[in-house]
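The values are calculated or read from the model by the stated rules, or taken from the named source; none is laboratory data. These numbers were taken from a predicted model, which means no experiment stands behind them. Backbone-built Cβ (ideal geometry, glycine too); neighbour counts: all protein chains shown. In case anyone asks, the SASA skips ligands and DNA or RNA and just uses the protein heavy atoms, side chains included. Shrake-Rupley method; radii C 1.70, N 1.55, O 1.52, S 1.80 Å.
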Amino acid sequence: MTKTALITGITGQDGYYLSHLLLNQGYRVVGLVSPYRQPNLAKLGDLATKVEIYTVDLRDSEALLTAVEQLRPQEIYNLAAPSFVPDSWKDPLGTLDLITGTATRLLEAVRQTGLSTRFYQASSSEMFGDVSCSPQDEETPFRPKNPYAAAKLHAHWTMVHHRQRYGLFACSGILFNHESPLRSPQFVTRKVSLAAAAIKLGFTDTLEMGNLDAKRDWGFAGDYVEAMWRMLQVDEPEEYAIGTGKLRSVKELVSTAFECVGLDWQKYIVINTKFLRSDEHFQLVANPSKAKKNLGWEPQVSFEELLEKMVKTDMERLQNGMAAPADASSLGV
């Protein structure tokens, strides 16, 4: 029997890679997309004809219940969230409703239908926030520092409570930073890859950056969605910290990207304090040993390979007129 998987946030980076993975596994993939998010369907590209789109307001409990009743999914992947963390300060309540509200409404829909649907909640390393120890694993205390992280934490515990109280198969991946050529230029990885490509091609000659000493655990999104899928294939639902276990600085990010095109990054970088984040974290790095032991999961794409993939893609986009050098103008780590 063909399995049906529902995905919220299907038009985002993770939704794209997860859809590809599930389709290759023979799934029927259905994206739950709010009416006001319909324009984002263009981001699906070649996937648009391979997945089904079910239009539903994620804020409407009854409509989500109807969707689950009609589609009867074996798996639900709840990836719905604002993509850019700093923007959560502009709309804390909207962020809470999109992240926690959607998770709660979907979990309730599964409970009310009585289906044995397996549920994945996209948690985030942002929940660790002001960390006092590194690396972080599933037992590390959470101390969120922004509305996005607080909403993710609320949704995380809502998922745990539904599992404990109602016996649902509900789990979460606490994902550390995962990137790809699909990232928006708002994110520092894509900003850097786009700038390296633009400077190499002569479209621009400088890159403005903030704190070069800020550090992250960066991996490839395509690897991380496989971890999500594996969490729903095991016997017991649990939490997993998903990352590379390696801490890299923004300086390393920049130097690696510029090396991909044979440039000395120090000749092109300009420090601009407007790109500094007040809620910056310096030691967010995963201990993914539980995922390796229980799921057999390990990242396959190295930091260097990830940057090479991103820079090469941006070179092609710029040459084909599919990207603009001016896009690399904001910073999000």
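Remarks
- Cα coordinate range in the chain, projected on the principal axes (Å, largest first): 61, 45, 38
- Degrees between helix 221-231 axis and first principal axis of the chain (Cα, 0 to 90, nearest 10): 20
- Rounded, prolate or oblate (a/c below 1.5 giving rounded, otherwise prolate when a/b exceeds b/c) for the stretch 188-245 by Cα gyration tensor: prolate
- Set Lys50/Lys292; Lys200/Lys267; Lys246/Lys292; Lys251/Lys274 screened for pairs whose C-alpha atoms are more than 22 Å apart: Lys50/Lys292
- For the stretch 1-110, taking the reciprocal of the average inverse distance between every pair of different Cα atoms yields a Kirkwood hydrodynamic radius of 14.2 Å.
- At R0 = 30 Å, FRET efficiency that the Cβ-Cβ distance of Arg28 and Trp89 yields, to 0.05: 0.20
- Heavy-atom accessible area, probed at 1.4 angstrom with all protein chains present, ranks Thr189, Thr313 as Thr313, Thr189, highest first.
- Net lengthening on full extension, Asp205/Arg317 (0.36 nm per residue, minus Cα-Cα): 38.5 nm
- Over the stretch 215-277, volume per residue of the alpha carbon convex hull, in Å³: 117
- Normalised by the number of residues in the chain, the mean separation of alpha-carbon contacts (under 8 Å, six or more apart) gives a relative contact order of 18 percent.
- Taking the accessible area of the stretch 1-47, probe 1.4 Å, and keeping the other protein chains in place, the carbon and sulfur fraction comes to 52%.
- Dividing the Cα radius of gyration of the stretch 122-211 by 2.2 N^0.38 Å, with N the residue count, gives 1.49.
- Simple spin-label estimate for Glu139 and Asp264 gives 4.9 nm between the two label positions (7 Å along the Cα-to-Cβ direction from each Cα).
- Mean-position separation - Cα centroids, the stretch 233-302 and the stretch 125-150, in angstrom: 15
- Solvent-accessible heavy-atom area per residue, rounded to whole Å², over the stretch 75-139 at 1.4 Å: 38
- Accessible-area composition of the stretch 151-254, carbon plus sulfur, in percent [1.4 Å probe]: 43
- Rounded tilt (10° steps) of 188-200 against the dominant C-alpha axis of the chain: 40
- Between Asp97 and Glu62, the modelled label-to-label distance comes to 1.7 nm, taking each label 7 Å out from Cα in the direction of the beta carbon.
- Degrees between helix 102-113 axis and first principal axis of the chain (Cα, 0 to 90, nearest 10): 20
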